[in-house]
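To start, the structure itself, in structure tokens.
Every number here is computed from the coordinates shown, using simple stated rules; none is lab data. On a predicted model such as this, the values are computed, not experimentally measured, just so you know. Ideal geometry is used to build each Cβ from the backbone, glycine not excepted, and the neighbour counts take in all protein chains shown.
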Amino acid sequence: MPDFRAYCTPPTAEPAELMLSADESHHLITVNRARAGDTVVAFDGRGTEWICELTNQRKNAAVLKVRFRQKAKPLSYEITLGQALPKGPSMDAIVRKATEIGAARIVPLESERTQVHLEGDRSDKKIEKWQTAALEAAKQCGNPFLPEITPVQQASAFMEGARGYDLKLIASLQPGAKSLQTVLAAFQAAQGRTPKKVLWLVGPEGDFTPAELSQARTCGFEPITLGPLVLRCETAATYALSVLSYELQNPA
């Protein structure tokens, strides 16, 4: 049986023991049924893990005895997903899959065809919900790094302000969109290396509008095809992140 995992941010880097929050204690003890003596890997979402033993199985304040600390090596690249908000619970699934694949950052976007508009408290609650989804996915897959989930932004403003990326991509159904391999090969030929920081935009139901796609090209985004079929937005995001991650891990 794999080790249990729990999220914790201790006040010091070298704690002798850790006390979990009520939510994490409930999940560890009540949901996962961990018992005293079990090994638990506590992680802070920033790459630090503490290998521990569960010594007190209180359901609202579990205590872990630290055996040793270890630091996970980050990926050699950093992917940011700019995701136009889809309808229903699809964003939750996208956040989970992005966490499993290892995205460093998720930027929720309101585009011209976005049917979900979040403001004020509603936006804050959604972000908290997505952060919870990311945490659950990180515990499930063993990812010691949690993605940053930014506040919701307007797609056009985000495109205009996107700076500091080696490569900016946008999933496109339009004629003339290139394959990811073609764009990466061109970058490699020009720069003599693979990109380290990549931004990928994925549209909502119905895709980005022609005006948004035109703006993206003006802002330096490369239109990328995801194949001949029209994918659901959660499928498109998962596919886009997966193929990009694979190519960055296995450069030609």
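Some observations on this one:
- Once you reduce segment 137-195 and segment 99-117 to the center of their Cα atoms, the two points are 12 Å from each other.
- Alpha carbon Rg of segment 28-145, scaled by the compact-globule rule 2.2 N^0.38 Å: 1.27
- Report summary: the helix-based calculation at 222 nm, which adds -39500 (n - 2.57) for every DSSP H run with n ≥ 4 and divides by the residues of the chain, gives -10000 deg cm²/dmol.
- Note on Ser179 and Ala72: their simple-model spin labels are 3.2 nm apart, each label 7 Å out from Cα toward Cβ.
- Applying D = kT/(6 pi eta Rh) to the chain, where Rh is the Kirkwood radius over alpha-carbon pairs, T corresponds to 20 °C and eta to 1.002 mPa s, the Stokes-Einstein value obtained is 110 µm²/s.
- Computed lengthening from Arg35 to Thr209, 0.36 nm per intervening residue step minus Cα-Cα distance: 57.3 nm
- Rounded to 5, the percent of DSSP beta bridges in the chain classed as antiparallel: 40
- Rg over Rh [alpha-carbon atoms, Kirkwood Rh] for segment 4-71: 0.92
- Ranked for footprinting exposure by Cβ neighbours inside 10 Å, fewest first, Ser123, Ser111 give Ser123, Ser111.
- For a modelled paramagnetic label at Thr9, 7 Å from Cα along Cα-to-Cβ, the residues of segment 94-108 in reach, with backbone nitrogen under 17 Å, are 105-106.
- Between segment 1-77 and segment 229-252, the C-alpha centres lie 32 angstrom from each other.
- Against the main long axis of the alpha-carbon atoms of the chain, helix 90-101 sits at an angle near 70°.
- Subset of Lys65/Lys129; Lys87/Lys168; Lys73/Lys196 violating a 18 Å alpha-carbon distance limit: Lys65/Lys129; Lys87/Lys168
- You can think of it this way: the chain between Arg113 and Ile51 has 17.7 nm of extra reach, that is 0.36 nm per residue less the Cα-Cα gap.
- Shown here are the Rg and Dmax of the Cα trace of segment 109-252, at 16.0, 47 Å.
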